[in-house]
Structures are given as C-alpha cells and as structure tokens.
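The values are calculated or read from the model by the stated rules, or taken from the named source; none is laboratory data. Because the structure is predicted, anything quoted here is derived from the model rather than measured. Neighbour counts are summed over all protein chains in view; Cβ atoms, including those assigned to glycine, are modelled from backbone coordinates with ideal geometry. Heavy atoms of the whole protein, side chains included, go into the accessibility calculation; ligands, DNA and RNA do not. Shrake-Rupley method; radii C 1.70, N 1.55, O 1.52, S 1.80 Å.
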2 protein chains.
Amino acid sequence: MKKPSGTHTNPSAGLSDVAETETAAIGLIDIQSTDTPSAGPKLRADAARNRERVLTAAAKVFADRGLDVSLDEVARAAGVGVGTVYRRFSDKEALVKALFEDKIENVVVFARESMMFEDPWEGFVHFIERALDLQVQNRGLRDALLHSEFGRAGAARTRAVVTPMVTTIIERAQAAGRLRSDLVAEDVPMLVTMLGAVSDFMGPSDPELWQRYRVLILDGLVAQRAGWTPLSNPPSREVVDAAMTKPL
Amino acid sequence: MKKPSGTHTNPSAGLSDVAETETAAIGLIDIQSTDTPSAGPKLRADAARNRERVLTAAAKVFADRGLDVSLDEVARAAGVGVGTVYRRFSDKEALVKALFEDKIENVVVFARESMMFEDPWEGFVHFIERALDLQVQNRGLRDALLHSEFGRAGAARTRAVVTPMVTTIIERAQAAGRLRSDLVAEDVPMLVTMLGAVSDFMGPSDPELWQRYRVLILDGLVAQRAGWTPLSNPPSREVVDAAMTKPL
DNA sequence: GGTAAGTGGAGGTCTTCTCTCCATTTCTGC
DNA sequence: GCAGAAATGGAGAGAAGACCTCCACTTACC
C-alpha cells in the first residue's frame, strides 16, 4: 500500500502496535465457524478443504466485485461444483454471513482505538482512514454494511453501537479546533460511498487511486489550512478513457 | 434548487445571462430529430404525440434511474405499448442517442463559458458546478458520458474536445494561486463519480444532499483557507438508515 | 474394502430483458 | 363519411442469468 506523505497521513503514530495487530486479524478467515455455528459434526478432510477453498474464493470475488456475484461464479473461482457450495452453506446469505459477520465488528474496534488517541484530530483521522480502508477496498463488505439486506441484523446492530462513538470522535476533534464544526457522524457513510465509487470505477486499472481523493477530502475536512496535502499520482488520460469505455 | 451561502457559491456572477440561457436550453427536447435524422416522412398526429411522450418519459426515467431501465418500463411510464416505442426507435441505443446526443455537447458550452470569466477561480468553480449539476442530477446522462457503450462515439469525441479546455481552466486558476496545484483535468470525472454515487444512494430521499459534499470537496480544492464554507443540512439518521436498508 | 460422506454439474424454475408480430384501432385525404 | 394507410398495444418468443436441487459417481475413513 502506497503511503502518501502529507500532513494527515500518519494516523497510527503513537498507536501503531494496536493498529497493526487489528489490521492483520482482518485478513484472516475463521475456518472454524460453520453455517449453523451450533452444529459441529466434524467434517471429512476433503470437505474441510473444500469449505476453506470456497471461503477463500468467495472472499476474493466478493471483495473485488461485490455481493451480487453469483454462487456459480464463486464455485468456479473455488474450483468446485455449485453443489459443493450449497452443501456447505445453505444459502448465499449464509456464506456472506460466515465471511463478514466478524469483520463488521472491526468498525467498533477502530472507533474504540480512535478514542484512545491523545490528539483528537489524529484519532479522527485514524478512524476515517481505517473505516475507509476496510470498506472501500472490500466491495462486498461495503455492500454488506451500506446496502444490507444480507447483513441486515448484524450491520444495523453495529451501526447503532458505532454511531455514538463516531459522534464522540468527531466532537472531540471539533472541540480541539482541528475539524470543521459542521461534520456529523451521518457523513461517514457518504464518504465511504464516494470513495467506494471511485474504487469501483477505477479499481481494476488503478486500485490505489481512491486514496488520492481521500487526501483531497481530508483537506476539505480540516478546519483551516495554509497549504494543501500533496495528492498521490493522478490517473493517466488513457486509463480513465479505458475505464469509461467499458460496459455499464 | 437550494443555494448554500458559502464562499464559492455564486459562480455565475458577471455571466448570469449566458449561463441562464444555456441552462434553459438543456431542459428542452428536440422533437424534430428522428431516429435516422435523414428520413423525414412526416408523422401522423398521434404518432408524433406518442413519440414525444416516449421521449419525455424516457428523459425522466433515465435521469432518475440510469440507462439500465428496461424499455418496457419506459413504455409504461409513457403510457404507451412497448411496440410503439420500438416502432419509433429501432433500438434502445437509438432512443438514448436521441435523448442525450445534444445534451452532451453542453459540457463544451460550460467550458467555453468558464474560460470567459475574468476571475480564473470563479471560472473554475463555474465549470465544476455546471458540469456536476448536469451529470449528477441526471443519472442517465452520467451513464452515457462516463460508462458509454451507448454514446460511445459522441461521448469520446466530446471528451477529446473538452479535456484540453478543462486543463486550461484549471491551470488559469492555479496560476492565480487560488486552486491547489496538483489537480488535473482527469480528476473531474472522478469528482462526478463521487458525487453521483451520493446522489444515487440518497437521491430518492434527499435529492439535494450531494451538494453538501460538493461544497466539502471545493473546500478541499481551494489552495488555502482560513475557515470553511458552511455545508447544507446533513442527512438525518433515519433517512440514512432507510437508504441503507433497501435492496442493492 | 464396505459404507457413509462428499462431489460436480446438468438442469428445473424463476425472473428479467430485448425485440417481433399482428388483430385491432385511429387518423387523414378525398 | 369512408377507404385505406398508419399506428397501436401487449402477448409472447428467445436469450440470458440467477438460485438451488438432485443423483450417479467418487473419495475418505475405520
């Protein structure tokens, strides 16, 4: 991951160990959890292997292209028949749940971390950057959190817990005079939406480009500034044209 | 349309008449143009009426929900059978072309206008605001310009003409020290994409919300600032939740 | 090596889209 | 008014694609 070198680009200063640990955990897939977590009749070796293959493939394909990828395609990506997918996960929803249920909780972790920063602005930037990293990169997770229908229960519960925490984070940074005073917690999903859209649009050809606009937006969020934070490289004309000239 | 009262919110100062005239023209539908513009065998009265009904309905429905609305739905919205739509327009592409071909050209008009401003920053803001108004509000037009497949030829041609003009507009504002110097013309479609995503997400429940983030982004684009431009009202928690709890 | 568990993928069912066809209705010139 | 050309609407053909089931065959385990 590229690290642009601007004024709000070192969010983990003073908390790097906590942050790093969490980041690592996000990548893991919980291979223990079954479709119905209560039942645990011990899988045969090949079955366990295939279950993991499906989870890995689904994680990749959902992250890249969102939750409306068909299970046939997940099966193909896993090198497995559709039947196998359905034998292991009763439903598409069950698969999504197995993949994302715990990851969604990470947002709470980020919020808690952010409140522990001494500098309120750094805490705010930490939360924004973590939340964006999580949701912008992973389109499936973003779908689950923002357009739930699958995660519904879990996502709504998490939002209910996180929103007041985000309000606190924002108000601390505002009280410190670093953050513009008209930002509210409800803006965060909109920022995710905006940067997610760039990521969806240019993702395949330039996966880091969205961060250019994250920096731009942070320069809009700061209460005042004498100059600007340098942006990462812009897209080339060719790449933009290529992204545009492709199916809806 | 709500007019937030910030520092970069009066783009048409000193050019209001030109701007207003153009804006009015955008709303019109050219009822003369036929599917194949060369042929003009004079339509029967009812046919002409229905043709216009289809165009009007299609304009509305494409603007609201993008180009992947089915022609059955356009027909229903027009109060007409699908057969009638296909009798008048050989193809979905033909309908889209008839609707948008000339509107796309408006981007060129905006660019020309913007270059005529005495104050380079005001010219830049004028262009950005016009271009966003045009494309964010009208999802169909945005689809045609950004994800062409339909408008392909026309959109590509327009982009080729406009890009150098936008570069000039941007460089003038940068030379005047008002615009951050790392912005390039290729960023404009990304800004459209970002705000378009907010509009798609919250559009039905809060059609003007995207402008809140337009102001935020402009505060990120300005070279430096002592304070911030006030944002329009944030979405309520309930409205955001409602937008989230709805199908993908 | 017997058997229960697991597998793959053809295909059933459903939905949704584009576009055609034609019996019926509506305009228009005389 | 009326004849005939023009136009209409909507059922439905055809294609695509999604979800999920079924079952003849294969594989792992004791």
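Observations on the structure shown:
- Average beta-carbon neighbours from other chains, 10 Å sphere, peptide B:59-70: 0
- Residues of region A:208-223 buried by at least 20 Å² of accessible area upon assembly of all protein chains, compared with the chain on its own (1.4 Å probe): A:212, A:213, A:216, A:217, A:220, A:223.
- Extending 7 Å from the Cα toward the beta-carbon at both residue B:72 and residue B:102 defines two label points whose distance is 3.3 nm.
- With a 10 Å cut-off around each Cβ of B:176-186, the average count of Cβ atoms from other chains is 4.
- Placing a label point 7 Å from Cα along the Cα-to-Cβ axis, residue A:207 is separated from the same position in the other copies by 4.0 nm, shortest listed first.
- The value of relative contact order for region B:169-248, using C-alpha pairs under 8 Å at least six residues apart, is 29 percent.
- Assuming charge only on the beta carbon of Lys and Arg (+1) and of Asp and Glu (-1), the dipole of region A:138-248 about its Cα centre is about 260 debye to the nearest 20.
- Each Lys and Arg Cβ is given +1 and each Asp and Glu Cβ -1; about its Cα centre, region A:93-198 then shows a dipole of about 180 debye.
- For the listed residue pairs A:97/A:246; B:97/B:246; B:60/B:97; A:60/A:97; A:60/A:103; A:246/B:97, the alpha carbons are over 21 angstrom apart in A:97/A:246; B:97/B:246.
- Where A meets B: accessible area buried, both sides, 1.4 Å probe, Å²: 4900
- The relative contact order of region B:76-184, computed from alpha carbon pairs under 8 Å that lie at least 6 residues apart in sequence, is 30 percent.
- Environment charge of residue A:44, counting only residues whose C-beta is closer than 15 Å and scoring Lys/Arg +1, Asp/Glu -1: +4
- Counted residue by residue at 0.36 nm each, then reduced by the alpha carbon distance between them, the extension gain from residue A:242 to residue A:56 reaches 64.0 nm.
- Net charge of Cβ neighbours under 14 Å - reference residue B:192; Lys, Arg +1; Asp, Glu -1: -2
- Cα gyration tensor shape for region B:165-207, rounded if a/c is under 1.5, else prolate or oblate: prolate
- Inter-copy spacing of residue A:56 label points, which lie 7 Å from Cα along Cα→Cβ, given in nm from shortest upward: 6.0
- Average accessible area per residue (Å²) across region A:133-183 - probe 1.4 Å, nucleic acids and ligands excluded: 38
- Electrostatic dipole magnitude of region B:153-205 [Cβ: Lys, Arg +1; Asp, Glu -1; Cα centre; debye, to 20]: 180
- If the chain linking residue B:233 and residue B:156 were pulled fully straight, counting 0.36 nm for each residue of separation and taking away their Cα-Cα distance, it would gain 24.1 nm.
- Quotient of the Cα radius of gyration of region A:140-201 and 2.2 N^0.38 Å, N being its number of residues: 1.28.
- Principal semi-axes of the equivalent ellipsoid, √(5λ) from the alpha carbon gyration tensor of region B:92-140, are 26, 11, 4 Å from largest down.
- Of the GluC sites (Glu not before Pro) found in region B:102-137, those that fall in a DSSP loop while having at most 10 other beta-carbon atoms within 10 Å are B:118.
- Global form of region B:52-93, assessed from the alpha-carbon gyration tensor, a/c cut-off 1.5: prolate
- Counting Cβ atoms of other protein chains within 10 Å of each residue's Cβ and taking the mean over peptide B:192-200 gives 6.
- Dimensionless Rg ratio for region B:43-120, taking C-alpha atoms and the 2.2 N^0.38 Å reference: 1.40
- Distance (nanometres) between label positions extended 7 Å along Cα→Cβ at residue A:94 and residue B:208: 4.9
- Other copies of residue B:230: label-to-label distances in nm, shortest first, labels 7 Å along the beta-carbon direction: 3.8
- Region A:134-248: C-alpha gyration tensor shape, a/c 1.5 cut-off, then a/b vs b/c: oblate
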